[in-house]
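**Student:** Below: one structure in structure tokens.
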Amino acid sequence: MVKAKRLLFIGLDAFEPLIMLKFVDEGLMPNFSRLLREGSFTLAYPSPPCDTPTNWTTIMTGSFTGTHGMTSFFAHKPHGELNEGFSTLDSRACNSEFLWNVLEEYGKRVVIVNYPVAWPPTIRSGIVIGGPAPGASPWRVKWPIVYTSDPNSCPSNARGSRCIVISVKDAVGWVNAPKSSRKPLEFEVSLIGEGPSAEQAPGWFIRPGAKITNAPRYYGLVIDSGGGYDELLITRGRDASSPIARLRVGDWSGWVRDRVNIDGSDYEVAFRFKLLELTPDAKLIKLYRSDVVLTSGWSAPLDVSSEVTSLLGPYVEGLECQPELASIREDVLGASYYSLWLDNIRQSIDWYSGLAKYLKGRFNWDVFIMHYHLHDSVNHRFLGLLYDGHPRYDKGRAGEIWGFYREVYRLTDELVGRMIESADEDTLIVLASDHGQVPAWKFVWIGGALIKRGLLAYNCNGDWCTVDWSRTRAYPFGHTTPYIWVNLKGRDPHGVVDPRDYDEVVGEVIDALYSIRDPETGVRVVELALRREDAEFLGQWGERVGDVVYFLKPGYSNVVFDFSRVHASIVNGPVIRPLNEVGFWTALHHDYLPNASLGLFTNEAFIIMKGPGVRRSYRRSRPVWLTDLAPTIAYLMGIRMPKNNEGNIIADFLEY
């Protein structure tokens with residue numbers, strides 16, 4: 001069998017395969033349709049916890065969670081305090097060998113872009129750009145923000161408002177200002193003084209904005225060219241001769257590059273503006289400023305970043321996910337919400353496809369591996385609202401959201417089409433996701449059932465409650481992991497459970513979990529709870545996996561939660577409450593079994609392969625495991641499998 005010489009891998013986070021097949025049948029996705037005709041397709045089970053770091057690691061190692069150890073975004077530190085852990089958005093946290101290291105061993109020139117677990121680089125001679133994702137980029141200086149003249153559209157105390165009210169007044173002291181039918185107006189904005197990101201998820205490490213101590217100020221000059229105020233000039237001073245941007249409603253600026261001082265050190269940063277709204281009377285002005293990012297430092301070798309920034313613009317982790325990733329509320333952006341998001345997607349398509357072509361010419365890569373986080377963000381925000389069993393379902397609203405989804409998937413198809421332009425007949429093309437998502441609308445306070453059974457205890461002081469280790473026999477680690485640890489003497493620093501009582505406590509925990517029922521329906525909300533030793537068929541073993549592993553039914557979630565310090569309203573409140581009381585999510589993935597589904601929506605991942613040695617027009621009837629992807633790629637490229645590989649070659653994908 002002819003072996004592939006090159007590899008193009010496109011990772012689509014939380015991409016919903018059944019939605020894709022629906023849109024392919026509608027003729028909306030011609031590039032996917034072609035890949036399905038000319039290659040092989042299957043659904044695939046993610047390795048629990050069904051989330052981002054865990055399964056992008058699974059895909060590139062062929063290892064189950066228990067072996068590679070990347071247990072969600074935040075892994076428990078063995079023998080540390082039961083609430084102690086470390087971020088898995090770090091290649092050094094992985095216990096298995098990556099496929100890209102094997103490819104490099106065989107002489108392949110490797111490029112890795114925006115892959116969640118690829119930084120710091122583990123390859124020696126290739127190119128790595130970015131990595132920690134989503135939301136954890138160390139090269140992001142400021143999150144996006146909306147400057148508005150309307151205080152009513154910028155509630156200062158609202159979670160996720162991400163806006164600043166600007167003061168608009170008559171322009172004074174300007175030189176070289178263009179003619180204006182009415183007196184020009186002005187306002188000022190600055191990178192100094194913005195708060196941290198409004199959404200802080202324990203263990204996820206959504207990085208706050210950096211502390212900028214010195215930066216240029218920017219001046220907005222609002223002009224009336226004859227029919228009302230309709231143009232905005234942005235300058236570095238009150239001299240309009242050389243504006244850094246000249247915008248009408250809907251226009252974007254180019255990249256603004258400036259030097260700022262961050263915690264005493266000097267850096268170059270870049271960002272863009274978009275004029276969202278400007279009414280003829282200038283009573284309402286809304287100006288969007290993108291992420292502020294470093295123009296260097298995010299590539300290995302380092303010099304690649306300056307080349308890419310000059311040619312395409314800087315690396316912006318999560319560009320395709322804004323405004324959701326920055327938690328900018330729909331009511332802050334108003335009518336611009338969808339158009340802004342779609343603009344960012346188009347910009348990201350230009351950047352990724354342009355990067356692949358540029359590095360093909362400069363580096364002549366054999367392997368290009370990229371990760372794209374768009375669909376995870378879209379699903380968290382909207383997918384649940386497409387499910388007619390969701391309590392917030394509205395037929396009209398669902399129609400609007402389906403229109404947005406069609407455009408998102410059409411643009412994803414465009415991205416894939418432009419990326420495969422860099423592939424030739426000797427290239428193995430692989431598309432894959434790490435998981436899907438299913439609708440969720442009820443929050444489950446797992447701790448409540450454990451407290452009731454005397455397994456978990458808190459000391460409350462005012463609004464907050466802190467875990468009392470002396471009275472806690474079992475502790476839910478949280479942080480998007482489905483794990484509960486026994487507080488064991490001799491293993492855990494505050495252990496209270498005698499090892500002889502370990503099995504009994506594990507049994508009590510499982511009984512407590514199964515006792516949780518929805519008071520409205522009587523439904524048991526825990527789908528499956530089992531001992532770690534009984535969960536090996538799901539890839540669960542080793543020191544980073546809890547003593548008890550559990551999964552909720554679709555529709556229920558414990559979301560991103562730190563059980564060591566909990567608000568008193570949760571501790572003393574109902575075990576089950578509406579999910580929108582604790583967060584914005586309408587769909588999730590980490591709480592569920594790999595094959596969980598509701599309606600059209602599934603937690604399963606997908607794999608499409610096309611190229612030398614791959615069977616054409618084949619759709620597998622049963623899912624594989626994501627562990628099977630790395631060994632199949634290795635076989636098709638004639639290289640060894642990664643060390644610690646536990647997957648199988650997908651034999652029915654092969655053309656004999």
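**Student:** Go through region 111-131 and report how many residues are surrounded by fewer than 24 Cβ atoms within 10 Å (Cβ to Cβ) and in contact with a Ser or Thr (Cβ under 9 Å, 6 or more places away or on another chain).
**Tutor:** Going through region 111-131 one residue at a time, the tally reaches 5.
**Student:** When you scan region 269-378 for helices (runs of 4 or more DSSP H) that lie fully inside it, which ones turn up with 3 or more residues that are over 20 Å from Arg259 (Cα atoms) and without any contact (Cβ under 8 Å) to a residue 40 or more places away in the chain? Break it down into steps so the answer makes sense when it comes.
**Tutor:** Details: elements: 303-312, 330-333, 337-363.
In region 269-378, the matching helices (runs of 4 or more DSSP H) lie at 337-363.
**Student:** Let me ask another. Specify the residue that is farthest from the chain's Cα centre (by Cα); the eligible residues are those in region 259-294 that are of a type in the set (D, E, K, R) and surrounded by fewer than 17 Cβ atoms within 10 Å (Cβ to Cβ). Don't jump to the end; show me each part of the working.
**Tutor:** If we filter region 259-294 for residues that are of a type in the set (D, E, K, R), which is where we start, we get 259, 263, 266, 268, 272, 274, 277, 281, 283, 286, 289, 291.
Keeping just the survivors that are surrounded by fewer than 17 Cβ atoms within 10 Å (Cβ to Cβ) gives 259, 263, 266, 268, 281, 283.
Values: Arg259: 29, Asp263: 27, Asp266: 29, Glu268: 26, Asp281: 40, Lys283: 36 Å.
Top of the filtered list is Asp281.
**Student:** Now for a separate question. Test of understanding: among Arg272, Arg257, which residue is charged (D, E, K, R), within 21 Å of Ile328 (Cβ to Cβ), modelled with pLDDT of 95 or more and out of contact with any Cys (no Cβ under 7 Å at 6 or more places or on another chain)? Give the steps one after another, and end with the answer.
**Tutor:** Details: Arg257 fails: within 21 Å of Ile328 (Cβ to Cβ).
Answer to the check: Arg272.
**Student:** Further question on the same structure: Please give the number of the condition Gly583 fails out of (1) part of a loop (DSSP other than H, G, I, E, B); (2) over 26 Å from Leu455 (Cα atoms); (3) in contact with a strand residue (DSSP E or B) (Cβ under 6 Å, 6 or more places away or on another chain).
**Tutor:** (3)
**Student:** Give the residue that is farthest from the chain's Cα centre (by Cα), with candidates limited to residues of region 379-426 that are open to solvent by 10 Å² or more (accessible area, probe 1.4 Å), within 27 Å of Ser33 (Cβ to Cβ) and free of Cβ contacts under 8 Å to residues at least 24 places away in the same chain.
**Tutor:** Gly399
**Student:** Pairs, please: C-beta under 7 Å, at least 6 apart or cross-chain, first residue within 22 Å of Thr54 (Cα to Cα) and touching a residue at least 40 places away in the same chain (Cβ under 8 Å) and in region 1-21, second of a type in the set (Ser, Thr, Tyr) and open to solvent by 10 Å² or more (accessible area, probe 1.4 Å)?
**Tutor:** Leu8/Ser422
**Student:** Next question. For region 310-323, what are the residues that are open to solvent by 10 Å² or more (accessible area, probe 1.4 Å) and under 30 Å from Tyr405 (Cα atoms)? First the steps, then the outcome.
**Tutor:** Here is the first cut: in region 310-323, the residues open to solvent by 10 Å² or more (accessible area, probe 1.4 Å) are 310-312, 316, 319.
Answer for region 310-323, where residues must be open to solvent by 10 Å² or more (accessible area, probe 1.4 Å) and under 30 Å from Tyr405 (Cα atoms): Leu312, Val316, Leu319.
Let's see how each residue does on (1) part of a loop (DSSP other than H, G, I, E, B); (2) surrounded by fewer than 17 Cβ atoms within 10 Å (Cβ to Cβ); (3) at pLDDT below 95:
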{"site": "Val566", "(1), (2), (3)": "no, no, yes"}
{"site": "Pro594", "(1), (2), (3)": "yes, no, no"}
{"site": "Pro612", "(1), (2), (3)": "yes, no, no"}
{"site": "Met641", "(1), (2), (3)": "yes, no, no"}
{"site": "Asn645", "(1), (2), (3)": "yes, no, no"}
{"site": "Asn648", "(1), (2), (3)": "yes, yes, no"}
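**Student:** Does Leu513 meet the test of being among the hydrophobic types (A, V, I, L, M, F, W, C) and over 14 Å from Gly448 (Cβ atoms)?
**Tutor:** Details: among the hydrophobic types (A, V, I, L, M, F, W, C): yes; over 14 Å from Gly448 (Cβ atoms): no.
Taking the combined requirement at face value, the residue does not satisfy it.
**Student:** I would also like to ask the following. Would you be able to say whether some residue in region 19-28 is open to solvent by less than 10 Å² (accessible area, probe 1.4 Å) and among the small types (Gly, Ala, Ser)?
**Tutor:** Looking only at region 19-28, we keep the residues that are open to solvent by less than 10 Å² (accessible area, probe 1.4 Å), and these are 19-20, 23.
Going one step further and asking which of them are among the small types (Gly, Ala, Ser), we end up with none.
Checking region 19-28: not a single residue is open to solvent by less than 10 Å² (accessible area, probe 1.4 Å) and among the small types (Gly, Ala, Ser).
**Student:** Given the structure, is Ile244 open to solvent by 10 Å² or more (accessible area, probe 1.4 Å), of a type in the set (A, V, I, L, M) and more than 26 Å from the chain's Cα centre (by Cα)? Spell out how you get there, then give the answer.
**Tutor:** On the way: open to solvent by 10 Å² or more (accessible area, probe 1.4 Å): yes; of a type in the set (A, V, I, L, M): yes; more than 26 Å from the chain's Cα centre (by Cα): yes.
Yes, satisfied.
Yes/no matrix, rows are residues, columns are (1) touching a His at 6+ places or on another chain (Cβ under 9 Å); (2) open to solvent by less than 70 Å² (accessible area, probe 1.4 Å):
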| position | (1), (2) |
| --- | --- |
| Arg473 | no, yes |
| Thr480 | yes, yes |
| Asp501 | no, yes |
| Val505 | no, yes |
| Pro519 | no, no |
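**Student:** Out of the residues in region 539-580 that are touching a strand residue (DSSP E or B) at 6+ places or on another chain (Cβ under 7 Å) and of a type in the set (S, T, N, Q), which is farthest from Arg524 (Cα to Cα)? First the steps, then the outcome.
**Tutor:** Going residue by residue through region 539-580, those that are touching a strand residue (DSSP E or B) at 6+ places or on another chain (Cβ under 7 Å) are 540, 544-559, 563-568, 571, 575-579.
This time we only want the ones that are of a type in the set (S, T, N, Q), so: 540, 557-558, 564.
On the way: Gln540: 23, Ser557: 13, Asn558: 15, Ser564: 25 Å.
Among those that are touching a strand residue (DSSP E or B) at 6+ places or on another chain (Cβ under 7 Å) and of a type in the set (S, T, N, Q), it is Ser564.
**Student:** Return yes or no: is Gly399 within 17 Å of Gly11 (Cβ to Cβ) and out of contact with any helix residue (DSSP H, G or I) (no Cβ under 7 Å at 6 or more places or on another chain)? First the steps, then the outcome.
**Tutor:** On the way: within 17 Å of Gly11 (Cβ to Cβ): no; out of contact with any helix residue (DSSP H, G or I) (no Cβ under 7 Å at 6 or more places or on another chain): yes.
Criteria not met by Gly399.
The values are calculated or read from the model by the stated rules, or taken from the named source; none is laboratory data. Predicted, not measured: the structure shown is a model, and the values here were computed from it. When we count neighbours, we look across all protein chains shown, and the Cβ atoms used for this are built from the backbone with ideal geometry, even at glycine. All accessible areas refer to the heavy atoms of the entire protein, side chains included, with ligands and DNA or RNA removed. Shrake-Rupley method; radii C 1.70, N 1.55, O 1.52, S 1.80 Å.
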